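Here is the structure we will look at, set down as structure tokens.
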Amino acid sequence: MTNPYEVLGVSPSASDEEIKKAYRELAKKYHPDNYVGSPLADVAEQKMKEVNEAYDEINRMRQKGKGTGSTSGSTGGGYYSNGSTSQFYSVRVYIQRNMIQEAEQILDSTPEGNRTAEWYYLKGMCAFRKGWSDQATSYFTTACNMDPNNQEYRAALNNMQGQQNFNYGGYNTGNTSYGNASGCSCCDICSAMICADCMCSCCRSGC
Amino acid sequence: MFGYLQVQKSELLVREWESYKAVYCGLCKQMGKDYSFLTRLSLSYDCTFYAMLLMSLDRSCTGFEKGRCKFNPLKKCQFAVTQSDCFSKASAFSVISAYYKLKDDLADSGFFKKLAVRLVQPFFSRWHKKAAKRYPQLETLVAEMMQAQAQAEQNPETGLDASAQPTAHMLGSVLALEASDDLQKRVLYEFGYHIGRWIYLIDAADDMEKDEKHRNFNPFLRSDEQDMQAYQTAVLNQSLARAFDAYNLLTFIDFKGILDNMMLYGFPSKQNTVVYRLKEEENDKSV
């Protein structure tokens, strides 16, 4: 088995807080929300699992006798939950298994009259998987216009818009934070606490 | 390859900037060794990025050595030393791309430029032959890309995504060659795909006015978007965002700071410079 400290990218002598911080950062990086519909979703899930396992392992090693270290909170999967009621069930299965050509074949052979909002949504998914983001955006837009109340289509379109507004490059936005999540996260609070803690311990050692 | 893959110098640590220069100089030296003094002129930032990525992936950089610059004998520089053939590979990639670019220029440019291209072409043919023999996979991928691109441009149905497909697929496949397992292969392909797509589209955005004048193919000229700059930014952002997602799934240790800098600062700032026609920064001038 790989060294859990290496997985988290910390040294074995790191403090519990440092490990927690490293874990949080990685968990944020590999979070399934960042890979919705992406062809790499399963890779991210795999990485997430490794990180969770490593974190648990370290906790177990460090807290021997103190209790359990189960903190895993994986939330992978579940994006195709309403598949069984769908008329394009086989298309969804193909997309999930990354067989885009087969999925597109079925979609393209659907007669014009049967092209529902879901059809546009799935066309968009195929385009997105191929890397054709521009077409994907227009298919998702059509799907949302046809069925404005569908959460699934709306989420896909929001995901496109999120990527397009990616807070990249500072010149036009005047923003200096380039990460893909914004605002003050619990990690920031956490690191602020660590800083505060450091200062406290400095004072104490000075006394 | 067009030189859009740059670092943001102001955000680099001094030691990172030094090692970036050392990779650039190391590549330049290798090109001189493998081909000729002249091919060094075709060296681009894009190939430096490629070489650095390869070196980081196989962790083959063993250190730096001091030497003199061939172009400016008064200047002392550092050269990155590597155990693998990544400099040779990047040189070959650069020569092969330059050769096809020249061939392409010959097809659609004015009289004087044609004349100039004809003058250097025989040399490039020879070097190209050598590079293609050594790295046949690279040669096949680039040759296929050129063919697919020509086809796509002739088809009146070709939209934005389809026009970027050949370049994107080429770079995706080139990076996928380096994978050590199937999982990494998919991640590298996706990363290369979106970087390639971004390069193609930013080049198209850059050349829009020129292409309009000369009636050349340009995917943005086929679009009827109202706010062209916003549209370009959205499309380019999305490519970078997706490349960044794939990038996050790769493990880099060597040169990580520089690669992060490029992904988060270098490429976006280049993108803004191109889309909003800003003046080139001090940053881009010299290595």
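The values are calculated or read from the model by the stated rules, or taken from the named source; none is laboratory data. All figures in this text were calculated on a predicted structure; none of them were measured in a lab. Glycine gets a Cβ as well: all are built from the backbone with ideal geometry, and neighbour counts include every protein chain shown.
Can you confirm whether the stretch B:214-236 contains a residue that is modelled with pLDDT of 90 or more and within 18 Å of the chain's Cα centre (by Cα)?
The answer is yes, given that some residue of the stretch B:214-236 is modelled with pLDDT of 90 or more and within 18 Å of the chain's Cα centre (by Cα).
Scan the stretch B:1-31 for residues that are part of a helix (DSSP H, G or I) and within 25 Å of B:Ala143 (Cβ to Cβ) and jot them down.
Once the filter is applied, which keeps residues that are part of a helix (DSSP H, G or I) and within 25 Å of B:Ala143 (Cβ to Cβ), the stretch B:1-31 yields B:Leu27, B:Gln30, B:Met31.
Any residue at all in the stretch B:221-234 that's buried (at least 20 other Cβ atoms within 10 Å of the Cβ), within 11 Å of another protein chain (Cβ to nearest Cβ), among the polar types (S, T, N, Q) and touching a Lys or Arg at 6+ places or on another chain (Cβ under 6 Å)?
Among the residues of the stretch B:221-234, not one is buried (at least 20 other Cβ atoms within 10 Å of the Cβ), within 11 Å of another protein chain (Cβ to nearest Cβ), among the polar types (S, T, N, Q) and touching a Lys or Arg at 6+ places or on another chain (Cβ under 6 Å), which makes the answer no.
Mind listing just one residue for me: the one in the stretch B:80-137 that is modelled with pLDDT of 90 or more and more than 30 Å from B:Glu65 (Cα to Cα) and, of those, surrounded by the fewest Cβ atoms within 10 Å (Cβ to Cβ)?
Among them, the one singled out is B:Pro136.
Tally up the residues in the stretch B:144-163 that are surrounded by 15 or more Cβ atoms within 10 Å (Cβ to Cβ) and more than 14 Å from chain A (Cβ to nearest Cβ), please.
5
Among the candidates B:Arg242, B:Arg186, which residue alone is surrounded by 17 or more Cβ atoms within 10 Å (Cβ to Cβ) and farther than 30 Å from B:Val81 by Cα? Please lay out each step first, then the result.
Values: B:Arg186 fails: farther than 30 Å from B:Val81 by Cα.
After applying the criteria, what remains is B:Arg242.
Among (1) part of a helix (DSSP H, G or I); (2) surrounded by 16 or more Cβ atoms within 10 Å (Cβ to Cβ), there is one condition A:Glu17 misses while meeting the rest; what is its number?
(2)
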